[in-house]
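Encoded as C-alpha cells, here's the structure I'll be asking about.
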Amino acid sequence: MAKILAFTSPAKGHLYPITPVLAELVERGHRVTVVTLPDSGRSLAPLGIGVRALPPELAEDTLNDWGAGSRIAALRSLARSLVDRMPVEAESLRLAIAAETPDALLIDITTPGAQFRAAASGLPWASWAPLLLPIPSRGVPPFGPGLRPKSGVAGRIRDGVVQRVLDHYFDEVLPEMNRARAGFGLEPLAHSRDFFLQPPLLLNFTAPPFDDVHRDWPTSIHQIGPGLWAPPGRAPEWLDSIDRPLALVTCSTEFQDDGHLAQVAMDALADTDFYTVVTAGAIDPASFSVPPNARVESFLPHHLVLDRTDVVVSHGGMGITQKALAAGVPVCVVPFGRDQAEVARRVVTNEAGTSVQPKKLSPGRLRAGIEAARGCREGAARVATGFAVAGGIQRGADLLERHLTGSAARTARDTAGVGGRQAPIPMITREEELLSERHSESPRSGR
C-alpha cells in the first residue's frame with residue numbers, strides 16, 4: 001500500500017471536502033498524512049489520518065480580498081495572495097517530503113507553490129478543488145463577474161471581450177508564477193489560470209447541474225459532487241424547542257467582513273414567522289443586536305440543523321451553499337467576493353434560490369429574497385439529485401487510488417452496512433459523466 005502526503009491551504013473549507021476521501025484511502029490500507037492547519041489533529045486522528053502542521057506564516061495567513069471595491073479587484077487581490085504564498089508553500093512541502101518519504105502527493109489546487117514543487121518532484125501527484133474552476137469552456141461565461149449564459153453571436157462576442165479583460169488583470173501575477181516554475185524546471189504558463197490545468201488528475205468537488213456542463217475540459221478533471229464532511233457533533237438541545245420555520249444565516253469562517261449580512265437578516269426576519277439561527281464564523285457574536293426570534297452561535301456544524309431548515313442565507317461560500325442544496329434546502333446568496341458571484345449565478349440559474357447584491361442590501365430587499373428563495377425547493381432538489389449521482393467519496397478514492405498507486409479500484413460493495421459504512425455510489429467513468437451531463441441540461445437552468 002502507498003504512503004500519500006496531502007497538502008492543503010490554511011482553510012477548513014479546503015481540508016474538510018477531501019477528508020472523507022482520505023479516510024476511505026486509509027480504510028483501503030494506505031497511509032495518509034496531511035500538511036494542514038495545526039489544530040486539525042483532533043478531527044483527523046480518529047480517521048487514521050496523520051497531520052503535519054503548516055508553518056505559522058501560512059497557517060496564520062488570511063486572504064485580504066474582502067476589502068476590495070469591486071469583484072475584479074477582489075479576484076486580483078486573491079490572485080496576489082496566492083502568489084505571495086508560493087515560496088513558503090514550496091519549502092513547506094519540500095520539508096514534508098523529506099520527513100515523510102511519501103510514494104505520492106495530493107495537492108490543494110489553491111497552493112500553486114506546492115503544486116509546482118509536486119510537479120518537479122518526480123512523484124505521482126494529483127490535486128483537488130473544492131471550488132468552481134475558472135477554466136474557460138465553450139458556451140459558459142468567463143469566470144469571475146457572475147455573468148449569466150448568453151447564446152448566439154452576441155454571447156460569444158461578450159464572452160470573448162470579458163475573458164480578454166480578465167486575463168489582462170489576472171496575468172499581472174503570471175511573470176512571478178513562471179519564474180517560480182522555471183526554478184523547478186517547468187514549462188511557462190500562457191495564462192495564470194492555466195495552473196488549474198496542470199494536475200494530471202484533478203478532483204473537483206461539485207457537479208452538474210449546479211455547475212455548467214464542460215464538454216471541452218481535459219479528461220483529467222473529474223467532478224465528483226460536493227465534499228460534505230464535518231467533524232462529528234451533537235444537535236444542540238435548544239433546537240428541539242423551535243416550533244417555527246428556521247432560517248439559517250451563515251458568516252464565513254475566513255474573515256470577509258460579512259457580519260452586516262447576519263444583522264440585516266435578523267432585522268429583516270424579526271417580525272416574521274421565522275426563527276433565525278446565525279453562525280457567526282469569523283465575526284464576534286457579541287457585535288450583534290439579536291431580536292427575540294433569533295439566536296447567534298459562534299460555531300454550529302451546519303449538517304446538524306439543515307434537516308430542520310427552510311432556507312439558508314449566506315455569503316455564497318461553496319461549502320455552505322452545496323451543503324444546503326445537497327440537503328434540498330434553497331438558499332439566498334449575498335455574494336461578498338472571491339467566487340461568490342459565480343456561486344450566486346449558479347444558484348439562480350438552477351432556480352435553487354435567489355441572490356441579493358451586497359451594495360443594495362437592506363432588510364426589505366433581503367426579506368423579499370428570502371421569501372422568494374423559500375419557494376425554490378424543487379430547484380434545490382434537482383441540484384441534490386445531480387450531486388447524488390456524481391460518484392462522491394468512493395469515486396474520488398477510486399480515481400486517486402488508480403492514479404497515485406497504479407492499483408485497480410476496489411470492487412464496489414452492493415450492500416449497505418459492510419464494515420459499518422454505507423454502500424458506495426456506483427463508479428461513473430468520464431465518458432458516462434459527459435453523457436449524463438447532456439441529459440441534465442435544461443432550458444430553465446439557462447443552458
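Values quoted throughout were computed directly from the atomic coordinates according to the rules given, and no laboratory measurement underlies them. In this text the structure is predicted, and so the values were computed from the model without any measurement. Here the Cβ positions follow ideal geometry from the backbone for every residue, glycine too, while neighbour counts run over all protein chains shown.
Sort 367-374, 214-221 by packing, meaning the average of other beta carbons within 10 Å per residue, with the highest value first. Write down the numbers at each step before the final one.
Numbers: 367-374: 20.6, 214-221: 15.1.
Result, highest mean Cβ count within 10 Å first: 367-374, 214-221.
Next question. For the chain, with a Gaussian network of springs between Cα atoms less than 10 Å apart, report the residue from Pro232, Pro17, Pro141 with the top mean-square fluctuation.
Result for the chain, Cα springs under 10 Å: Pro232 fluctuates most.
Which Cα, out of Ala384, Gly155, Ala373, lies furthest along the positive dipole direction of the chain (beta carbon charges, K/R +1, D/E -1)?
Farthest towards the positive end: Gly155.
Given +1 on the Cβ of Lys and Arg, -1 on the Cβ of Asp and Glu, and no further charges, what dipole in debye does the stretch 145-301 carry about its Cα centre, rounded to the nearest 20?
640 debye
Order 375-381, 188-194 from most to least packed using the mean count of other Cβ atoms within 10 Å.
375-381, 188-194
Using 0.36 nm per residue of separation minus the Cα-Cα distance, give me the extension gain between Val290 and Leu304 in nm, one decimal.
Length gained between Val290 and Leu304: 2.9 nm.
If you don't mind, another one. So how tilted is helix 363-374 from the main axis of the chain? Cα-based, degrees 0 to 90, rounded to 10.
70 degrees
Which value at 222 nm does the chain reach when only helices count, each DSSP H run of 4 or more adding -39,500 (n - 2.57), with the total divided by all residues and rounded to the nearest 500 deg cm²/dmol? Present the calculation step by step, with values, prior to reporting the outcome.
Details: 15 runs with 169 residues, N = 447.
Here the helix-only value at 222 nm equals -11500 deg cm²/dmol.
So what is the orientation-averaged projected area of the stretch 237-385, using the convex hull of its C-alpha atoms, in nm²?
Numbers: hull surface 31.1 nm².
With every direction weighted equally, the projected area is 7.8 nm².
Please give every one of the lysines within straight-line cross-link reach of Lys323, meaning a C-alpha to C-alpha distance under 25 Å, and leave out same-chain neighbours fewer than 8 residues apart.
Result set, ordered by chain and number: Lys12.
Cα axis of helix 86-100 to longest principal axis of the chain: angle in degrees, 0 to 90, nearest 10?
Taking the Cα atoms of the chain, the angle to 86-100 is about 60 degrees.
So if I place +1 on the C-beta of Lys and Arg and -1 on the C-beta of Asp and Glu, and nothing else carries charge, what would the dipole magnitude of the chain be about its Cα centre? I want it in debye, nearest 20.
For this selection, approximately 800 debye.
Hey, rough spin-label estimate for Asp61 and Asp273, points 7 angstrom out along Cα→Cβ, what's it come to in nanometres?
5.0 nm
Report the Cα centroid-to-centroid distance between the stretch 345-402 and the stretch 137-163 in angstrom, as an integer.
First find each Cα centre; the distance between them is then 21 Å.
May I ask you to list the aspartates and glutamates whose Cα is less than 16 Å away from that of Lys359, ignoring any residue fewer than eight positions away on the same chain?
Asp257, Asp258
Which of the listed residues, His222, Ser40, Gly319, is farthest toward the dipole's positive end in the chain, when Lys, Arg count +1 and Asp, Glu count -1 at the beta-carbon?
His222
Contour minus end-to-end for Ala190 and Gln357, with contour as 0.36 nm per residue of separation and end-to-end as the Cα-Cα distance? Kindly include the intermediate steps, with their values, before the conclusion.
Details: separation 167, 0.36 × 167 = 60.12 nm, distance 3.37 nm.
This chain segment gains 56.8 nm when fully extended.
A further question on this structure: Taking the Cα centre of the stretch 237-385 as origin, sum charge times position over the Cβ atoms of Lys and Arg (+1) and Asp and Glu (-1), and report the length of that vector in debye to the nearest 20. Let's see the in-between values first.
Working: 14 positive and 18 negative charges, 105 e Å.
Roughly 500 debye, rounded to the nearest 20.
Give me the angle, in degrees from 0 to 90, between the Cα long axis of helix 71-84 and the longest principal axis of the Cα atoms of the chain, rounded to the nearest 10.
In the chain, helix 71-84 runs at an angle near 30 degrees to the longest axis.
Measuring from label point to label point, each 7 Å out along Cα→Cβ, what is the Leu197 to Ser241 span in nm?
5.8 nm
Which ³J(HN,Hα) values in Hz, rounded to whole numbers, follow from the phi angles of the stretch 184-196 under the Karplus curve 6.51 cos²θ - 1.76 cosθ + 1.60, where θ = phi - 60° and Gly and Pro get x?
Residue by residue, the stretch 184-196 yields 9, x, 9, 5, x, 8, 6, 9, 4, 5, 5, 5, 6 Hz.
How would you classify the chain from its alpha-carbon gyration tensor, with a ≥ b ≥ c the square roots of the eigenvalues: rounded for a/c under 1.5, else prolate if a/b is greater than b/c, otherwise oblate? Walk me through the numbers before you get to the answer.
Details: a/c = 1.41, a/b = 1.26, b/c = 1.12.
Rounded is the answer for the chain, as its axis ratio a/c remains below 1.5.
Check the straight Cα-Cα distances from Lys150 and name the aspartates and glutamates below 14 Å, setting aside those fewer than 8 residues away within the same chain.
Within the straight-line limit of under 14 Å, Lys150 reaches these aspartates and glutamates: Asp159, Asp212.
Taking 41 Å as R0, compute the FRET efficiency from the Cβ-Cβ separation of Val161 and Ser121 and round it to 0.05.
For Val161 and Ser121, the calculated efficiency is 0.55.
Something else: By how many nm would the segment from Glu172 to Thr101 grow when fully extended, if each residue of separation counts as 0.36 nm and the alpha-carbon distance is taken off?
22.0 nm
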